[in-house]
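K.L.:
I'd like to ask some things about the structure below.
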Amino acid sequence: MAVKDIKKYNLFSWSAQNKVNPIHVVKAEGIYFWDNDGKKYYDMSSQLVNMNLGHGNKKIINAIKEQADKLPFIGPGFAIDVRAEAAKKLVEISGLEGAKVFFTNAGAEANENAIKMAKSYTGKWKIFSAYRSYHGATYGAANLTGEPRRFINEPGIPGFIKFEGPYAYRAPKACKFESEEDITEYYLELLETQILYENPNSIAAIFLETVVGSNGVLIPPKGYLKGVRELCDKYNICMVCDEVMAGFGRTGKWFAFQNWDIKPDLVTFAKGATCGYVPLGGVIVTKKIAEYFDENKMFCGLTYSAHPMGCAAAIATIDAYAEEKVFENVEKVGKVLKESLDNLRNKHACVGETRCIGLFSSVELVKDKETREPIVPFNQDPEGIMPKILGMLRAEGFYTYSHENMIFVSPPLIITEEELKEAMQMLDKVLDSVDNMIK
């Protein structure tokens, strides 16, 4: 069937269908992909921040092929070698001794099951998550989500409570922070006050994207995650780190929480576990929670849990991160990315703030640097400004996505310094045009 018929038979995510104009992709390799006219694009969002090892990694592809020949599928009630090995590797890289893994198909399902596990383990029912968060589009994960993509699911499920996570750039005007410690103290006080308002004896878990992803690459200030860990210990609440986007080298560590020397009770993962070559996600639970389910029934189950080809892909992917020295590259090229972003912020009137950790970054666009007024109002873009900016970037060959007033720069972790600099020149050129738009 001709690709020209694609809109006749397909529905596209998060879009009014008449406004969709998808790129017809015919080839992809490394950090690039090509359309049917031969135009090359720099994949500067790793598709959906999941193609960490880029396109066409032969180690992962061959592992999938070999597993397909050997045993393409068996139900989750059976024991198979790749399932055991994948779980073992995940526990080892997590640093959570005695942990176990429940496999899912993707990140949303991982969060759905983490909700059930935390409620079962604690015997409590309320779930906290940040307003600036995205945890998935399935019904439970959408209720967990804080940003506007949850609205279609409202009225929601009772017991899902939202709190203000750290976002100093958009803090109330009365806040006059002098240090990261001030930011941390303010947001921890807000969180503990809300815990008390909601009754700690009813709260099962606090979910956090360790580094907030599509809502702005919001990096927790110094001491914040440690403070949340202490609040969870104080009130017998499970701390859940959503590592779906931030995990697997994106921040330079296996998991982002390892940057702050804390240990969550549950860790959800997906995306970079297989780099999208086969869908796979899961929940890593600590020893105490795993032991709880030794005698208590775990009410979690999926037809494709621990899918053999997904597990085989995960094994190969984890091995490839180490063999290809990917984390060393993230550290080296990440410094270049941060410097480039700092230069853009200093140069362009439209750039209010840039945030970067590893190869995970965002550019926040404003109308006015002094007032910090966003280039589009929250949850509104009546003039289609952000799609227009994305269109200019794509015309240059720079592919990424936006959310609210932010553009994301999160390329495959294999990108070289030279490739990054070439791509950032494209972004610089487009931001010149955006500067003119806001005059």
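Here, each number is a calculation from the coordinates, and none is a lab measurement. It should be emphasised that the depicted structure is a prediction, and the values quoted were computed from it without experimental measurement. Counting neighbours? That spans all protein chains shown, and the Cβs are built from the backbone with ideal geometry, glycine included.
K.L.:
How about the range 85-155: which GluC sites (Glu not before Pro) there are in a DSSP loop, with at most 15 other Cβ atoms within 10 Å of their Cβ?
P.N.:
For GluC sites (Glu not before Pro) across the range 85-155 that sit outside H, G, I, E and B with at most 15 neighbouring Cβ atoms in 10 Å, the list reads Glu97.
K.L.:
If you bin every alpha carbon distance in the range 381-439 into 10 Å steps from zero, what whole percent lands in each bin?
P.N.:
Binned Cα distances yield the sequence 21, 54, 21, 4.
K.L.:
May I ask for the equivalent-ellipsoid semi-axes of the chain, computed as the square root of five times each C-alpha gyration tensor eigenvalue and listed largest first in whole Å?
P.N.:
With the √(5λ) rule applied to the chain, the semi-axes are 32, 29, 20 Å.
K.L.:
Whole angstrom only: what separates the Cα centroid of the range 168-183 from the Cα centroid of the range 374-412?
P.N.:
Rounded to whole Å, the Cα centres lie 27 Å apart.
K.L.:
A follow-up question, please. Work out the P(r) tail for the range 172-249: percent of alpha carbon pairs separated by more than 21 Å, whole number.
P.N.:
34 percent
K.L.:
Beyond 15 Å, what percent of the Cα pairs of the range 1-94 remain?
P.N.:
So the portion of pairs separated by more than 15 Å is 76 percent.
K.L.:
Can you tell me which lysines have their Cα less than 16 Å from the Cα of Lys234? Leave out same-chain residues fewer than eight positions away.
P.N.:
Lys124, Lys226, Lys263
K.L.:
Here's a follow-up. So what's Rg/Rh here for the range 301-419, counting alpha carbon atoms and using the Kirkwood radius for Rh?
P.N.:
My calculation puts Rg/Rh at 1.09.
K.L.:
List the trypsin sites (Lys or Arg not before Pro) within the range 115-201 that fall in a DSSP loop (any state other than H, G, I, E or B) and whose Cβ has at most 11 other Cβ atoms within 10 Å.
P.N.:
Taking the range 115-201 and a limit of 11 other Cβ atoms within 10 Å, the loop trypsin sites (Lys or Arg not before Pro) found are Lys173, Lys176.
K.L.:
Additional query: Where does the chain land at 222 nm, in deg cm²/dmol rounded to the nearest 500, when only DSSP H runs of n ≥ 4 count, each adding -39500 (n - 2.57), divided by all residues?
P.N.:
It comes out at -12000 deg cm²/dmol, rounded to the nearest 500.
K.L.:
Give the long-range amide H neighbours of Ile375: residues separated by 5 or more places, or on another chain, with amide H under 5 Å away, using H modelled in the peptide plane at 1.01 Å from N.
P.N.:
Leu365, Val366, Lys367
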